[in-house]
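Input: a single structure, listed below in structure tokens.
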Amino acid sequence: MFKTFDVPASSVAFGTAFWRNRLLLSLVGLQLVCAVAVSIYVGRSFWDASTSLMLGLSFKLFLFMFANFVLWRFGVAVFSIRPAKPIKWLLHDLWSKLTDPQKAPDAVLCFGSIVALIASYTFLKNEIHAVNPSLWDTEFARWDRWLHGGFDPWVLLWPIFGSPYVTTALNVAYHMWFPMLYIAVCVACLDRRDPNRCTVFLVAFVLCWFVGGNLLATVFASVGPVYFEAFGLGLEFAPQMEMLRQSNEISPVWSLSVQNMLLEGYHNAGPARGISAMPSMHVASSVLLAFYGFSYARWAGWALTGFAFTILLGSVHLGWHYAIDGYASGLLMVFFWWLAKKLTARFGPNA
């Protein structure tokens, strides 16, 4: 029933898989080198509590991904294939996929590279203010007002979204970002029907988090409106945070507890302590989801475009970001998506 797993053949399969995914692996490898260099520069171990936390989370997500993959294949068996013995069909189907000489190694390497990306990104984000203690917040707040007729953008949004229940709805969408992004990564790792499409997404994903979330976030170090007062920059955003706290008394605003957790972690060197605002990774990765959605179907792309716009509004309304953080993130992702397509055409699986 099952094929014998040939070890030498599997070694060859992984060797060719490394070549097919050389672009993705090279970019993640470059990020790892940067993380080690920063670790040496700041005199702090790359392997800390944050790394262990991220690796543990990644392992749980891997199990969750595999469980959902099994459920998906079982659904195919029951509702599409309809074999006489669905469990037997499922076992054979899973074994054929796990031992596929091309798809299985690709999936393992892609998921492994994303795990390495997450660990390196977290460390580099935690060290942003150790590398660059200067903050751009006052400039970003000034540019925001210049772009919006002399007003802070949250002031313009509050009459529209200031209802406690609307605020909660925006916060729900903001927290839905993580599972949606995770699902997209899982699809890109597992769906190998079009290797170039998946590679474009994963390469753009790495560029988003490494170049945007680490390199540019360090150069343009900032903390966002929520921490404007806490970092001694002024009281300009105190009214916004007070209105969010009042809203929380009527309908939950979970961002407030997350913001407090990050600030406490920052002051006490906790595992979750990375604070940066420019560029907005929520907005950037949501725009990336929209591009990826369009690569499958127009309706998916437009739906995810609406989600990205909601995230942009939520990032400002909930105090996480200046509007300019989101605008810059959107433009960055347009460039990163274009660059990922160019790089994949030159160095991708079908190159």
Tell me the net charge near TRP146. Cut-off is 14 Å between Cβ atoms, TRP146 excluded, with +1 for each Lys or Arg and -1 for each Asp or Glu.
-1
From the phi angles alone, apply the Karplus equation (6.51, -1.76, 1.60; θ = phi - 60°) to segment 157-167 and give each ³J(HN,Hα) in whole Hz, x where the residue is Gly or Pro.
7, 4, x, 8, 10, x, 4, x, 6, 5, 4
Rounded, prolate or oblate: pick one for segment 47-181, where a ≥ b ≥ c are the square roots of the eigenvalues of its C-alpha gyration tensor, a/c under 1.5 means rounded, and failing that, prolate if a/b is larger than b/c, else oblate.
oblate
With an 8 Å Cα cut-off and a minimum separation of 6 or more residues, compute the relative contact order for segment 200-351 in percent.
31
Degrees, to the nearest 10: 103-126 long Cα axis against longest axis of the chain
20
Using θ = phi - 60° and the Karplus curve 6.51 cos²θ - 1.76 cosθ + 1.60, what whole-Hz ³J(HN,Hα) does each residue of segment 138-155 get, with Gly and Pro shown as x?
5, 5, 5, 5, 5, 5, 4, 5, 4, 6, 10, x, x, 10, 5, x, 5, 5
For a quick check: with amide H placed at 1.01 Å from N, whose amide H comes under 5 Å from ASN132's, ignoring anything fewer than 5 positions away on the same chain?
none
Using alpha carbon centroids, what distance separates segment 226-285 and segment 61-128, in Å?
35
Which order do the peptides 198-204, 160-166 take when ranked by the mean count of other beta-carbon atoms within 10 Å per residue, highest first?
198-204, 160-166
Both in Å, the radius of gyration and Dmax of the C-alpha trace of segment 209-351 are 17.3, 56
For the chain, which cysteines have no second Cys with its Cβ under 4.7 Å from theirs?
CYS34, CYS186, CYS198, CYS208
Sort the following peptides by mean Cβ neighbour count (other Cβ atoms within 10 Å, averaged over residues), highest first: 95-101, 253-259.
253-259, 95-101
In deg cm²/dmol, rounded to 500, what helix-only [θ] at 222 nm does the chain give when every DSSP H run of at least 4 residues adds -39500 (n - 2.57) and the total is split over its residues?
-23500 deg cm²/dmol
Relative contact order of segment 238-281, please, whole-number percent, based on alpha carbon pairs below 8 angstrom and at least 6 residues apart.
20
Near CYS34, within a Cβ-to-Cβ distance under 15 Å, what is the net charge of the other residues, with Lys and Arg +1 and Asp and Glu -1?
+1
By the scheme Lys and Arg +1, Asp and Glu -1, what is the net charge of all other residues having a beta-carbon under 15 Å from that of PRO86?
+3
Would you mind calculating the relative contact order of the chain from Cα pairs under 8 angstrom and at least 6 residues apart, reporting the percent as a whole number?
24
Peptides ranked, highest mean first, by Cβ atoms within 10 Å: ranges 35-48, 228-241
228-241, 35-48
Expected vector for segment 293-298, Karplus 3J(HN,Hα) from phi with 6.51, -1.76, 1.60 and θ = phi - 60°, integer Hz, x for Gly and Pro, equals x, 4, 5, 9, 7, 4
With a/c under 1.5 counting as rounded, go ahead and sort the chain into rounded, prolate or oblate using the C-alpha gyration tensor (a ≥ b ≥ c being the square roots of the eigenvalues; past the cut-off, prolate if a/b is larger than b/c, else oblate).
prolate
The size of the Cβ-based charge dipole (Lys, Arg +1; Asp, Glu -1) of the chain about the Cα centre, to the nearest 20 debye, is 1640
Quick check on segment 290-351: take the gyration tensor over C-alpha atoms, sort the square-rooted eigenvalues as a ≥ b ≥ c, and tell me if it's rounded (a/c under 1.5), prolate or oblate.
oblate
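Laboratory data are not the source of any read-out in this text; all were calculated from the coordinates shown. What you are looking at is a predicted structure, and each value in this text was computed from that prediction instead of being measured. Ideal geometry is used to build each Cβ from the backbone, glycine not excepted, and the neighbour counts take in all protein chains shown.
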